[in-house]
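Report on the structure given below.
Please treat every number below as a calculation from the coordinates, not as lab data. None of these values were measured; they are calculated from a predicted model. For neighbour counting, all protein chains shown are included, and Cβ atoms are generated from backbone atoms with ideal geometry for every residue, glycine included.
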Amino acid sequence: MIRTVVVLGVGYVLGAKAGRRRYEQLAGTYRAVTGHPAAKAALDAGRRKIADRVSPDPAMVHLTEIDSETTVIEPEQKS
């Protein structure tokens, strides 16, 4: 019985170390890829595109300047 517990304990410790190493490897690769400026730009563009499609707010369009400090805007009419 003690032998089985020791074998399971050793297996758990070795598996946890291997799993942690693999996790750190994957996390490092993810950070390297998402940290690159080109990848950031692509991710931001994709997020903006998705946000524009699912946004419940209509796009605002500039209509009239009342004076130099005041502008009237209203939702853009989709055709």
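Brief remarks follow.
- Whole-Hz ³J(HN,Hα) from phi, Karplus 6.51 cos²θ - 1.76 cosθ + 1.60, for segment 44-49, glycine and proline x: 5, 5, x, 5, 5, 4
- Calculated from backbone phi, Karplus (6.51, -1.76, 1.60) coupling profile of segment 32-38 in Hz, x at Gly/Pro: 5, 5, 6, x, 6, x, 5
- Seen from T29, the other residues with C-beta closer than 14 Å to its C-beta sum to a net charge of +2, counting Lys and Arg as +1 and Asp and Glu as -1.
- The residues packed around A41, meaning those with a beta-carbon under 15 Å from its beta-carbon, carry a net charge of +3 if Lys and Arg are +1 and Asp and Glu are -1.
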